[in-house]
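First up is the structure itself, then whatever we jot down about it.
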Amino acid sequence: MKNITLLGATGSIGLQTLDVIEAHPEHFRLFAISFGENVEKALPIIEKFKPEWIVAKDNHVKQKLKTRLTGDYKIITGVEALEEISIHPKTDVLVNAVMGSVGLKATLSAIEHRKQVAIANKETLVTAGHLVMEKAREFSVNLLPIDSEHSAIFQALNGESHDRLKKIILTASGGSFRDKSRDELQYVTVSDALNHPNWSMGAKITVDSATMMNKGLEVIEAHWLFNVAYEKIEVIQHQESIIHSMVEFIDQSVIAQLGTPDMRVPIQYALTYPDRINIPSSKSLDLVSISKLHFKEMDFSRFPCLGYAFDAGKIGGTMPTVLNAANEVAVDLFLKGKIKFLEIERLIESLMNSHQVIAKPDLNTIQSIDSETRIKALNTASEF
Ligand code: NDP
Ligand code: MG
């Protein structure tokens, strides 16, 4: 029986993690959860799973929750509280499914306490991948990817030695606007962007998929998780999202992981690794009825954010922190109707161009560059 601490329980990955926990009461128990502001979604989770600890974003949310909750729960608040439940002696597995770089310190602390860490929160690896991986090596912690592409690569690599690897091939669905021209992108709306053809996900990552920044973040995530040079990471468009990613070895063997698009599969694997257990509610893959799979070269001029992410990754230092923070602000402004879709990439490019890179940043430097970039992004966007 594993005690699970779930950060971001009210989100898309959070709710699917709860499905996995509920399907296997003999394997998992929900020990603690965190959520941001969504009390309406948090309440039924708490009533059903009765976690011992609950973290809410701030005191205001905590008070709102308390007035609606019956029963005796330990409710704490803030970013430090995320760390507190992540390293609690009763936590066996930390599932980090918050959105954004707010998840960074909890990941680092959980690694220091040698917890099993299942990570969906890709912004953590983008903003401070070198720090996370250094700690993971120092404390011999295996970071288990939840992101479907990285779960696929992890399974395809299957522990093979690094020098046999020729390249990693990440697949990209193309997002909500894959069939639109650059011209048509000028007029797209928030609701158009949120309409993803294959996956139902949180708002931020759905917009990231439409700009292709999601794949860009995943390139940086793959670089850190699998210690692979950017030159050995390729992205191809694959609209059906059936092949979740592939690995090519030096003998030209290509190993892929396939499945219907269902995040519960990689979530469950990260919880049961190295074991596998059945997953009753998921559909099995029917290749005959799918009949055809399609692949296409990525068009970097159509999707400039993918190029920005490769650039930021290769430049290194604080540049990925700037890329990530600028993107988080830009997507938030787009979702609030304050900037247009194509202004997302414009904002990111402008902040990257004006950034003076600091090599090998420590945690304080990363946090201050992250905050500075967010302020600059808001100022720059107000001039658009
Ligand atoms: P959602 O937006 O659906 O959920 C985000 C969760 O984080 C919610 O529980 C939210 O709380 C909480 N949260 C947001 N901001 C804060 C904050 N400042 N402090 C504390 N908690 C906060 O996101 P997803 O589930 O889609 O994605 C989560 C992570 O997983 C992201 O990093 C994403 O890139 C990654 N991922 C997601 C996939 C998917 O299929 N959805 C696939 C692969 C990776 P509340 O809503 O209560 O405010
Ligand atoms: Mg993914």
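Readers should treat all values here as calculations from the given coordinates under stated rules, not as data from a laboratory. All values reported here derive from a predicted model rather than from experimental measurement. A quick note on method: Cβ atoms are made from the backbone with ideal geometry, for glycine too, and the neighbour counts reach across all protein chains shown.
For the stretch 163-291, the spherically averaged projection of the C-alpha convex hull amounts to 10.1 nm².
Going 7 Å from the Cα of residue 76 in the Cα-to-Cβ direction, what parts of the stretch 20-43 have a backbone nitrogen less than 14 Å from that spot? It comes to 32-35, nothing else.
For the residue pairs 2/48; 232/376; 180/292; 48/105; 41/135; 204/292, the C-alpha atoms sit more than 24 angstrom apart in 232/376; 48/105; 41/135; 204/292. Here's how it looks for residue 34: its modeled amide H is under 5 Å from those of 6, 7, 8, 9, 55, which are all 5 or more places away or on a different chain. Counting every other Cβ atom within 10 Å of each residue's Cβ, 238, 27, 294 order from fewest to most as 294, 27, 238.
Per-residue 3J(HN,Hα) values for the stretch 237-244, derived from phi via the Karplus relation 6.51 cos²θ - 1.76 cosθ + 1.60 with θ = phi - 60°, read 7, 9, 5, 7, 6, 9, 7, 7 Hz in sequence order (x marks Gly and Pro). Residue 120 sits among other residues whose Cβ lies under 11 Å from its own Cβ, and their net charge, with Lys and Arg +1 and Asp and Glu -1, is -2. The convex hull defined by the C-alpha atoms of the stretch 188-237 has an orientation-averaged projected area of 4.1 nm². Loop-located trypsin sites (Lys or Arg not before Pro) across the stretch 199-278 with a Cβ neighbour count of 14 or fewer within 10 Å are 276, with loop assigned by DSSP. Taking GluC sites (Glu not before Pro) in DSSP loop states with no more than 15 other Cβ atoms inside 10 Å as exposed sites, the chain has its longest site-free stretch at 161-382. Secondary-structure-derived ellipticity at 222 nm for the chain, considering helices only, amounts to -14500 deg cm²/dmol, per-run term -39500 (n - 2.57) for DSSP H runs with n ≥ 4. For the stretch 84-233, the equivalent ellipsoid derived from the alpha-carbon gyration tensor has semi-axes of 30, 20, 12 Å in decreasing order. For the stretch 2-16, 3J(HN,Hα) computed residue by residue from phi via the Karplus equation (6.51, -1.76, 1.60; θ = phi - 60°) reads 10, 7, 9, 10, 10, 8, x, 5, 7, x, 5, 5, x, 5, 6 Hz, glycine and proline entered as x. Over all pairs of different C-alpha atoms, the chain has a mean inverse distance whose reciprocal, the Kirkwood radius, equals 21.3 Å. Exposure proxy ranking for 329, 228, based on other Cβ atoms within 10 angstrom of each Cβ and starting from the fewest, stands as 228, 329. Among 290, 46, 242, the residue with the largest mean-square fluctuation in a Gaussian network model of the chain, with springs joining Cα atoms closer than 10 Å, is 290. For the stretch 2-141, the C-alpha radius of gyration divided by 2.2 N^0.38 Å, with N the number of residues, is 0.99. When you work out D = kT/(6 pi eta Rh) for the stretch 230-343 at 37 °C and 0.692 mPa s, using the Kirkwood radius from C-alpha pairs as Rh and the Stokes-Einstein form, the result is 185 µm²/s. For the stretch 319-376, the set of trypsin sites (Lys or Arg not before Pro) satisfying both a DSSP loop assignment and a count of at most 16 other C-beta atoms within 10 Å is given as 336, 338, 340.
Across the stretch 283-298, rounded Karplus estimates of 3J(HN,Hα) from the backbone phi angles (6.51 cos²θ - 1.76 cosθ + 1.60, θ = phi - 60°) give 7, 7, 6, 10, 5, 5, 6, 6, 6, 10, 10, 10, 9, 8, 5, 6 Hz, Gly and Pro being marked x. Close amide H contacts of residue 166 (hydrogens built in the peptide plane, cut-off under 5 Å, sequence separation of 5 or more or a different chain): 248, 249, 250. Simple rule: put +1 on each Lys or Arg Cβ and -1 on each Asp or Glu Cβ in the stretch 46-144, find the dipole, and look at 99, 56, 143; the Cα lying farthest toward the positive end is 56. Overall shape: oblate for the stretch 242-289, with the ratio a/c of the largest to smallest alpha carbon gyration tensor axis at 1.5 or above and b/c at least equal to a/b. Near residue 48, once Lys and Arg are set to +1 and Asp and Glu to -1 for all other residues with Cβ below 13 Å from its Cβ, the sum equals 0. Among 167, 64, 50, the residue with the largest mean-square fluctuation in a Gaussian network model of the chain, with springs joining Cα atoms closer than 10 Å, is 64.
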